[in-house]
């Protein structure tokens, strides 16, 4: 296999496992359940009476839920699977002992995480198309979604590599992922948060995903947020590759 | 040829491997024998690029393991102590993924061949979760053999297997020593080291305390053992160089004296004062 395709066996392994998981209905439901609860609780509850940024709340919420869901699933599946395979099943060691580069391992794991994130997002998009009249799927939406999946799959690799136990991954999730899900513009615009909190909010990558994913075309604000996401993604990719390169038991 | 030179590895204050040096000739089955915690697995992990040594060098066929890990990975196969197969994939899928990672050509033919060597060809499409411990060990061996590596590392290859299955495993391991392949085994089973290895290195607390053929090791400490119980009911063992010496000693002993040939456990006890198992 050519060096440029050295990532493919890792991706293929994850996809074979993913295909088996998809055959279990529980997996599909678990990917859908939280966004559907949010849609029901916030979307239908507030949707009819509240308008945000010139649109009804449901139309505002759906792109945010897609962003949140892509973040959660790209991140969680990679972080948990990698952590378990490294610490408990020891299957990650097969990759370390294979004659492939650390970046090939990184690419394989990240692409697999992206597929899982995109799958979960697709479920929300399909539901969104049924219940909302808004046309939220634009080329910018798709690019942002892919970038968001890439970014958080990278973060998943980092957590999977750094966490010292499976319980430890929950700590990372509680500190980084949960706050982002609620305070990065998924459920309400970030300009509504108090001034002193804003610098923190704008550090969080999901904030920038939520800014870009709701735009129909790229303006100056969107361009800056897109660049922030690209920089985050590249930095996280480089750091994840470094962790794999320095792996030692 | 494999050279290990002044290899050291510590975890905190514990010296897992302490100034280890030895040489393994091409084409031999080399055994690292010692109790749990002797440093066998840590040594194997350093030789197979999983663990970076604190100091010292490992050189496999002229290539330094730390400086050129990718080159080393192209030349070695490893069976770890724990089962690290993908449990939710089939036997064939496990080998297929591994083969792709190691650039194996004519994949299907080689997978079929590897599965036949370990007698798992008829279970190629079964999910690994349903395999017995012995089948999983055999599949791990088939996986390691797939890229036809010139150097093969087996970390406790028959751990947890019952005696009959263990002997089947030994037969397969003997077959792997073809085409000048070097095989390195770690084990804490005395019989396994004696049955398989051309050379045995005995490890204790991270240090190499003896290195020779199994026969020479036994000759060094005494080929015969005279055993009897003392007045306190404690088992006393005396090593003897030959049968005559053993019988002479036994004649002066008490009732219930037995004479038997020595084994590698006796060598370990003589050298360390402790038991392996």
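The values are calculated or read from the model by the stated rules, or taken from the named source; none is laboratory data. Since this is a predicted model, take the numbers as computed values, not measurements. Quick reminder, even Gly has a Cβ in these numbers, built from the backbone with ideal geometry, and neighbours come from all protein chains shown.
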Within region B:109-118, identify whether any single residue is within 10 Å of chain A (Cβ to nearest Cβ), more than 20 Å from the chain's Cα centre (by Cα) and modelled with pLDDT of 95 or more, and answer yes or no. no
Kindly evaluate residue B:61 against the criterion of being in contact with a strand residue (DSSP E or B) (Cβ under 9 Å, 6 or more places away or on another chain), at positive phi and modelled with pLDDT under 95. yes
Considering every residue within region B:204-218, establish whether at least one is more than 17 Å from the chain's Cα centre (by Cα), buried (at least 16 other Cβ atoms within 10 Å of the Cβ) and either farther than 23 Å from residue B:25 by Cβ or at pLDDT 90 or above (or both). no
Quick test for you: out of A:223, A:218, pick the one residue that is assigned to a helix (DSSP H, G or I) and in contact with a helix residue (DSSP H, G or I) (Cβ under 9 Å, 6 or more places away or on another chain). A:223
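What residue, of B:43, B:49, is within 20 Å of the chain's Cα centre (by Cα) and within 11 Å of chain A (Cβ to nearest Cβ)?
When all the criteria are applied, what remains is B:49.
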Taking region A:16-26 as the search range and keeping residues that are in contact with a helix residue (DSSP H, G or I) (Cβ under 7 Å, 6 or more places away or on another chain) and surrounded by 15 or more Cβ atoms within 10 Å (Cβ to Cβ), which one is farthest from the other protein chains (Cβ to nearest Cβ)? A:18
Select, from A:188, A:136, the only residue that is touching a residue at least 60 places away in the same chain (Cβ under 8 Å), buried (at least 16 other Cβ atoms within 10 Å of the Cβ) and closer than 23 Å to residue A:119 by Cβ. A:136
Checked pairs for region A:114-129, first under 11 Å from residue A:146 (Cα atoms), second surrounded by fewer than 20 Cβ atoms within 10 Å (Cβ to Cβ), C-beta under 6 Å and 6 or more apart or across chains, list as none
Filtering region B:82-93 down to residues that are assigned to a loop (DSSP other than H, G, I, E, B) and either surrounded by fewer than 18 Cβ atoms within 10 Å (Cβ to Cβ) or more than 9 Å from chain A (Cβ to nearest Cβ) (or both) yields B:82, B:87, B:88
Residues in region A:212-226 that are at pLDDT 95 or above and over 17 Å from the mean Cα position of the chain (by Cα): how many? 2
Go over the candidates A:87, A:82 one by one and state the one that is closer than 21 Å to residue B:85 by Cα, crowded, with 21+ Cβ neighbours inside 10 Å and either in contact with a helix residue (DSSP H, G or I) (Cβ under 9 Å, 6 or more places away or on another chain) or within 14 Å of chain B (Cβ to nearest Cβ) (or both). A:82
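Pick from region A:1-15 the residues that are within 11 Å of chain B (Cβ to nearest Cβ) and more than 22 Å from the chain's Cα centre (by Cα): which of them is surrounded by the fewest Cβ atoms within 10 Å (Cβ to Cβ)?
Checked region A:1-15; the qualifying residue surrounded by the fewest Cβ atoms within 10 Å (Cβ to Cβ) is A:2.
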State all residues of region B:213-228 that are in contact with a helix residue (DSSP H, G or I) (Cβ under 7 Å, 6 or more places away or on another chain) and part of a strand (DSSP E or B); if no residue qualifies, say none. B:224, B:225, B:226
Of the conditions (1) buried (at least 18 other Cβ atoms within 10 Å of the Cβ); (2) touching a helix residue (DSSP H, G or I) at 6+ places or on another chain (Cβ under 6 Å); (3) more than 9 Å from chain A (Cβ to nearest Cβ), the single one that residue B:63 does not satisfy is (1)
From the list B:76, B:97, which one is outside the structural domain of residue B:265 (by TED's automatic domain parsing), in contact with a strand residue (DSSP E or B) (Cβ under 8 Å, 6 or more places away or on another chain), surrounded by 17 or more Cβ atoms within 10 Å (Cβ to Cβ) and closer than 22 Å to residue B:148 by Cβ? B:76
Conditions (1) modelled with pLDDT of 80 or more; (2) closer than 29 Å to residue B:21 by Cβ; (3) in contact with a strand residue (DSSP E or B) (Cβ under 7 Å, 6 or more places away or on another chain); (4) not assigned by TED's automatic domain parsing to the domain that holds residue B:82; number of the one not met by residue B:259: (2)
